[in-house]
1. Any residue at all in the stretch 48-65 that's surrounded by 20 or more Cβ atoms within 10 Å (Cβ to Cβ), within 17 Å of the chain's Cα centre (by Cα) and part of a strand (DSSP E or B)?
2. For the stretch 206-260, give me the residue count where each residue is in contact (Cβ under 8 Å) with a residue 12 or more places away in the chain, farther than 25 Å from Arg149 by Cβ, out of contact with any Gly (no Cβ under 7 Å at 6 or more places or on another chain) and not in a loop (DSSP other than H, G, I, E, B).
3. Write out, first by first residue and then by second, each pair whose Cβ atoms fall under 7 Å of each other, whose residues are 6+ apart or on separate chains, and whose first residue, in the stretch 152-164, is assigned by TED's automatic domain parsing to the domain that holds Ile128 and more than 15 Å from Gly72 (Cβ to Cβ) while the second is part of a strand (DSSP E or B) and aromatic (Phe, Trp, Tyr).
4. For the stretch 82-111, enumerate the residues that are of a type in the set (Val, Ile, Thr) and part of a loop (DSSP other than H, G, I, E, B).
5. Search the stretch 133-151 for residues being in contact (Cβ under 8 Å) with a residue 60 or more places away in the chain and in a helix (DSSP H, G or I), and hand back the single one that is farthest from Gly310 (Cα to Cα).
6. Quick check, is Ala296 surrounded by 18 or more Cβ atoms within 10 Å (Cβ to Cβ), part of a loop (DSSP other than H, G, I, E, B), of a type in the set (A, V, I, L, M, F, W, C) and assigned by TED's automatic domain parsing to the domain that holds Val220?
7. What residue, among those in the stretch 135-167 that are under 27 Å from Arg177 (Cβ atoms) and β-branched (Val, Ile, Thr), is surrounded by the fewest Cβ atoms within 10 Å (Cβ to Cβ)?
8. Is it true that some residue in the stretch 120-132 is loosely packed, with under 13 Cβ neighbours inside 10 Å, free of Cβ contacts under 8 Å to residues at least 24 places away in the same chain and either outside any strand (DSSP E or B) or hydrophobic (A, V, I, L, M, F, W, C) (or both)?
Amino acid sequence: MKASDLFIKALENENVEYVFGIPGEENLDLLESLRTSSIRLILTRHEQAAGFMAATYGRLTGKAGVCLATLGPGATNFVTSAAYAQLGGMPMFMITGQKPVKMSKQGHFQIVDVVDMMKPLTKFTRQIVSADNIPARVRESFRRAEEERPGATHLELPEDIARDQTDVGVIPASFQRRPIADEKAIVRGVEAIRDAKRPILMVGAGANRKTSSKMLREFVEKFGIPFFTTQMGKGVLDETHPLWLGNAALSDGDFVHRAIDNADCIINVGHDVIEKPPFFMRTGKRTVIHINYLTAEVDTVYFPQIEVVGDIANTIWRFNQMLEKQSHWNFSYQDRVRHHLDAHLTKGADDARFPIYPVRMVADVRKAMPDNGILCLDNGMYKLWFARYYRCTQPNTILLDNALATMGAGLPSAIAAKIVHPDRKSVAVVGDGGFMMNSQEVETAVRLKLDLVILLLRDDAYGMIKWKQANMDFPNFGMDMGNPDFVRYAESYGAKGHRPKSSEEFLPMFEHCLNTPGVHLIDLPIDYSDNDRVLNREIKELSAKL
């Protein structure tokens, strides 16, 4: 068969459902093979957005999302989404085209060394130089992308290789089980928790696996140990649970950091140093137990004393079997923290100011969203407000990026979430800055006839950096901008645009959009003037009183 047909059969062998991307001249043989396959092409308006969609597909399913681009500028547009998947631990497989490698007729026109470019951004990258190598290369790409720690892989398929003939077959996936932790490491971890007086549980992104979440729920219920999450660990455990101590949205000084400072043992599940530090370690102050699929990467803020390396779910299951609740555990301080945190998180939920107050906005979104609804956050000031104030009850119901922390991913991620879960509500939460980096994908959502809400929080500035600028006592410079009429902009794509005139109008408008078919954009002005008071001064002053 033709090599491009074999390539697509190899994708079908991996149970690929979708390919996101923009084909080019060098992909035409592959595109024709795709046309007659069981795989659906999701045509996007930008390769970067296709990569974000593929990464989000991987994040939600555990299977590598696949994206396609041509050579040169198409391939270079994958760079940001490759880094997004690689740093965020999301399985993704990129395919790019290339000019003929056996004989060039156009010199170096559009040619860059894409394989070399992708090396620092992927777990595996190769150029296919023989049709017979396709099955092995595709199988290895998926294996590497999906094994712990997940990430990005890449293959380059030159157009002349795509046309070659071959008679080799695909390679089926092998049976595989993740290694489990060493017994001595398990015993050492159990002893450390048992001997502690004030243990605390931290849940990171690596724990966001179905079986891990189940085992952690059993752990919390059996032992009554308070827990908190990193931003990318939100939803692994129910954040309405009475033992929840908050989210490590801020770097230091929040209520949760007081509870951490009081603890003498931190059970650190699924975290690595790529995500912004949820706490700062200090030599000799407490015992930190690293529970993850891989060993700890030692950093100036992270140097655990005990490492339990292996399948997380199995490790927690064994802890559940071997550990017993201890009478000397004392959680009175954590109880105080939780009481004050609960009171603080409700403050401002009914604030009537307009442009809308962030706490009011988050509270209204929480009221309207079903428990299994998916919020896909772009990157901006609102991410801190959602991380602190939005309580998730189920895994993968708030997708945010606290690894690469890139702008422009919110809308593509929400599109992918709706494709993966068509029966669930999907909302893109974006700022005016990040939205305009991939706003063209509104057309993609409309063309796909998706039911989708875009909540656009407009402050007419790059708000997060403006806040940081002020915190560092720099004058306001270079952060303010103009914007289009977002309602008319959405309507020009065939979506429906909405603009509330008061805070009271927002909640019913949001509920209407959630429950009305089609793509809806809400242009919601937001007031970030309290960023410093609430997220800096007030939190630190209140938590210091504990």
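1. The answer is yes; a qualifying residue exists.
2. 8
3. Short answer, once both residue conditions are applied: Thr153/Phe93; Thr153/Phe124.
4. Within the stretch 82-111, the subset of a type in the set (Val, Ile, Thr) is 95-96, 101, 111.
Those that are of a type in the set (Val, Ile, Thr) and part of a loop (DSSP other than H, G, I, E, B): Val101, Ile111.
5. Initial filter on the stretch 133-151 (in contact (Cβ under 8 Å) with a residue 60 or more places away in the chain): 134-135, 138-139, 141-142, 145-146, 148-151.
Now restrict to residues that are in a helix (DSSP H, G or I): 134-135, 138-139, 141-142, 145-146.
Numbers: Ile134: 32, Pro135: 29, Val138: 26, Arg139: 24, Ser141: 22, Phe142: 21, Ala145: 18, Glu146: 16 Å.
For the stretch 133-151, the residue satisfying everything is Ile134.
6. Working: surrounded by 18 or more Cβ atoms within 10 Å (Cβ to Cβ): yes; part of a loop (DSSP other than H, G, I, E, B): yes; of a type in the set (A, V, I, L, M, F, W, C): yes; assigned by TED's automatic domain parsing to the domain that holds Val220: yes.
The answer is yes for Ala296.
7. Ranking the qualifying residues of the stretch 135-167, first place goes to Val138.
8. Scanning the stretch 120-132 turns up at least one residue that is loosely packed, with under 13 Cβ neighbours inside 10 Å, free of Cβ contacts under 8 Å to residues at least 24 places away in the same chain and either outside any strand (DSSP E or B) or hydrophobic (A, V, I, L, M, F, W, C) (or both).
The values are calculated or read from the model by the stated rules, or taken from the named source; none is laboratory data. Source: prediction; values computed, not measured. Glycine gets a Cβ as well: all are built from the backbone with ideal geometry, and neighbour counts include every protein chain shown.
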